[in-house]
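All remarks here apply to the structure that follows.
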Protein chains: 2
Amino acid sequence: MSFEELWRDLQPVGRSASSGGYFRQPFGAAERECHAWFLEECARRDLPVSHDGNGNAVAWWEPDAAIVQNETHQYAAKGDVKRSGLSRGGVLTGSHLDSVLDGGAYDGPLGVASALAAIDVLRSRGFSPVRPIGIGVFVEEEGSRFGLACLGSRLAVGAITPGAAAGLRDRDGVPLLDAMAAAGLSPSLGRSPLLDRVGVFVELHVEQGRDLVDRDVAVGVASGIWPHGRYRFDFTGEANHAGSTRMEDRRDPMLTYAMTALAANKQARLASSRATFGRLEVAPNGTNAVPSRVTAWLDARASSELALAELVATIEKQGVERASRDRTSLEVAAESVSGPVAFDAALAARIATPHGWPIIPTQAGHDAGILSLAGIPTAMLFVRNPTGISHSPEEFAPMADCLAGVEALADTLALLAAA
Amino acid sequence: MSFEELWRDLQPVGRSASSGGYFRQPFGAAERECHAWFLEECARRDLPVSHDGNGNAVAWWEPDAAIVQNETHQYAAKGDVKRSGLSRGGVLTGSHLDSVLDGGAYDGPLGVASALAAIDVLRSRGFSPVRPIGIGVFVEEEGSRFGLACLGSRLAVGAITPGAAAGLRDRDGVPLLDAMAAAGLSPSLGRSPLLDRVGVFVELHVEQGRDLVDRDVAVGVASGIWPHGRYRFDFTGEANHAGSTRMEDRRDPMLTYAMTALAANKQARLASSRATFGRLEVAPNGTNAVPSRVTAWLDARASSELALAELVATIEKQGVERASRDRTSLEVAAESVSGPVAFDAALAARIATPHGWPIIPTQAGHDAGILSLAGIPTAMLFVRNPTGISHSPEEFAPMADCLAGVEALADTLALLAAA
């Protein structure tokens, strides 16, 4: 089965007829259908799949026993236990299948479909891995349902406690464990045995920017991820009648929010950072009522932790100043903050150099960042995105570039699993 | 049964335990329970209730047949058919029982409970009406479910066609007729026979401002209602990744909205008018996505139609200017616009003068405005609101002022129904 066919099968799942975007929220019907597609494709390739209690899965392509024995024997004979095939651990690739609300087709699924296709390529080349090659699927990478990005990989490496994760609820108040149970899973949150045999992780992903377009190449390798965070801004005022309340008598939190949203944009421009208010809840959200409360979530990213902290502090300060003029109040709470990720530089060079692929930074969080911070040598491959648009129905990568990505991933897996 | 008891019975219905505010949306469980309370109180007073096919109801206190006959005979003998009791029509009072989302206890229900209590007062005084006295309950006065304020009274007077009303849907997409049927009603939209015998309408309402506080009186009479409208502002941009999209590459409609909300506030202040963005919908409303669309509803009010049109045009102009800078677009559609209402000046003077009640304007829309525009002589009584707060859980009127309102309404009904 070609990559084109693999990809075509997945396209209709969770797609909105009106926007053309995807709604593949974790443990919902569409995301579960994507997961079933993954299981089917693994079965078609005789790749046994293991699940952990967090909802993550890995399909393993095991080396022939004879090869492993030979390798192990060879190094063990030299007393080099660390370099024996099993102790060095497997080569994990893969990505995620969930999407943001009304998201694109590529962010996540491209890494999973490419991994399946890369194994087809390696087999057609007659390649026999010395190390096992795994295709991982991590749940809730986007945080679109439970508000915490990379939830599955965080749980898997122990970067969030099971208790803290169990306290997460979706927008309808459904707790994580209930959502998993409703999807037919038997949750058991915590560090994942699936990662025990992982020696290196390589995630292929559509680029979410135009760096590769500017460089005129189809494939690149990631250097690292900017630090970033999500911050909840609670603006509180006083509900009142929109008609009869004089403007000067109001305590309208919408005004405080509006000024803060403009300030966030301005500060991010000035600092060459990123600041976005993309999610909002208004209470009571009635046309003829001055709102009592506006809750807005700030997504902020910068090239260093210091720059990130300064950006958020400046936005908060300007919001608080406006709140005192509006006689409203503002409280800011960090919901999740991720430090910078520097991927394994030697690994990136080893992957990129033979092909001349550029090594570029990214501002987007990924499961690869979580695994890297947990001490697993990690690399990322990016596939060119002509518009740079992502998290949108317009997200796109040309088929030729996707196929270049599959070849690049196959080459990389071959390099890493060969010895 | 005292007014205090009547009022106490209604207090728990549809009240949010967390905010203390009310959620009595039309044809929902809480509003239907309020309606059942009304029917029970009418039955307790032997007031037969008639419904129309719009969901409106009127309970009539009929004059003794002997009185009517005598009156009719008296004037008919003089050839003055217009002044005969029946042809002059009944005296309607009442208000509505629905609330805005998370609204207060008084806006609407105070007028219905006061009407029931005023009939108790008149009966205890031994008063016998010459004209019938009706207590009306109009549905969806707030427009909190179907987006069009005074829906019940508009249908009743023919100010909206049955076809246009049937096209209305709530936020979940439920059509009006389905919502009515789900509440056990048999809808038949259109001009209401309930109003055929109405000669004059008097609505008692909590004040939604602080005019009576400033004047240090408990009761006032309305002079008229400012023109006002609801306008839908659609800001359209392009969804994108909140991390990896450079600020200068974005087409973020949230920024255009934010500037427009601040402009609306500023323009309303400058013009001594009112402009409020209290309701918002963001798509896709995800923390890590630049929004593709922000839809916001403007509630605008001014002392004249010209001032209102200028206010909305200026806000739209400033929004469109900002949209061109943000590379977004803005489209504005008027969802409902109500012209100014001048209540019957002679009627207001007749009611207010004997008591020295002040005659004051209001910026809030009411069913009284709809009936007045339809040619029914109409008046409103306001009860003092110490904070002026309305459409909020904090909406309040002291019991002493509510009781003063009941007495004032009883006096007014006695005046109008006596001959």
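Every read-out reported here was derived from the displayed coordinates using simple, explicitly stated rules and does not represent laboratory data. This structure is a prediction, so every number in the text was calculated from the model and none was measured. Cβ placement follows ideal geometry from the backbone for every residue including glycine, while neighbour counts extend to all protein chains displayed.
Tabulated data
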item: Tilt relative to chain B, helix B:253-270 - C-alpha long axis, 0 to 90 degrees, to 10; result: 50
item: Percent of Cα pairs exceeding the 45 Å cut-off, where the set is the protein assembly as shown; result: 40
item: Segment A:84-141 - convex hull of the alpha-carbon atoms, volume per residue in Å³; result: 65
item: Shielding score for B:290-300, defined as the mean number of other chain Cβ atoms within 10 Å; result: 4
item: Proportion of all alpha-carbon pairs of segment B:300-419 beyond 26 Å (%); result: 42
item: Taking segment A:228-338 and dividing mean pair separation by its residue count, relative contact order in percent (alpha carbons under 8 Å, at least six apart); result: 45
item: Computed E for A:H355/B:E321 - FRET, C-beta separation, R0 45 angstrom, nearest 0.05; result: 0.40
item: In Hz, Karplus ³J(HN,Hα) per residue of segment B:169-186 (6.51, -1.76, 1.60; θ = phi - 60°; x = Gly, Pro); result: 10, 7, 5, 8, x, 6, x, 3, 5, 5, 5, 5, 5, 5, 8, x, 8, 10
item: Projected label distance in nm at A:A29 and A:A309, using a 7 Å step from Cα toward the beta-carbon; result: 4.8
item: Under 18 Å from the A:E4 label point (7 Å along Cα→beta-carbon), backbone N, segment A:108-131; result: A:113-114, A:117-118, A:120-121
item: 0 to 90° range, to nearest 10: angle between helix B:399-417 axis and chain B longest Cα axis; result: 60
item: Unit charges at the beta carbon, dipole of segment A:228-338: most positive-side option, A:T276, A:W297, A:F233; result: A:T276
item: Whichever aspartates and glutamates have a C-alpha closer than 13 Å to that of A:K317, once near sequence neighbours (fewer than 8 apart) are set aside; result: A:E331
item: Point-to-point label distance, A:A334-B:D196, nm (Cα→Cβ direction, 7 Å offset); result: 7.2
item: Copy-to-copy label separations for A:D178, where each label sits 7 Å from Cα toward Cβ, in nm and ascending; result: 2.5
item: Segment B:204-272: projected area of the alpha-carbon convex hull, averaged over directions, in nm²; result: 8.2
item: Over chain B: helical MRE at 222 nm, DSSP H runs n ≥ 4 each giving -39500 (n - 2.57), nearest 500; result: -11000 deg cm²/dmol
item: Once the Cα gyration tensor of segment A:228-338 is diagonalised, semi-axes √(5λ) in Å; result: 28, 13, 10
item: For segment B:84-143 versus segment A:248-279, the gap between their alpha-carbon centres in whole angstrom; result: 46
item: Among A:90-100, A:111-121, A:298-308, the order from most to least packed when residues are scored by Cβ within 10 Å on average; result: A:90-100, A:111-121, A:298-308
item: Computed over segment A:110-253, Kirkwood Rh from alpha-carbon pairs, angstrom; result: 19.8
item: Label point distance in nm, B:D178-B:R269, each placed 7 Å from Cα along Cα→Cβ; result: 4.4
item: For chain A: relative contact order, % (alpha-carbon pairs under 8 angstrom, 6 or more apart); result: 22
item: At q = 0.06, 0.13, 0.15 Å⁻¹, base-10 log of I(q)/I(0) for chain B (Debye sum, equal scatterers on each alpha carbon); result: -0.27, -1.13, -1.43
item: Fewest-first ranking of A:Y106, B:Y257, using other Cβ atoms within 10 Å as the exposure measure; result: A:Y106, B:Y257
item: Summed residue charge, Cβ within 13 Å of B:V49's Cβ, Lys/Arg positive, Asp/Glu negative; result: -3
item: With Cα atoms, 0 to 90° folded angle of helix B:65-77 axis to chain B main axis; result: 90
item: For residues of A:254-267, the mean tally of beta carbons on other chains within 10 Å; result: 5
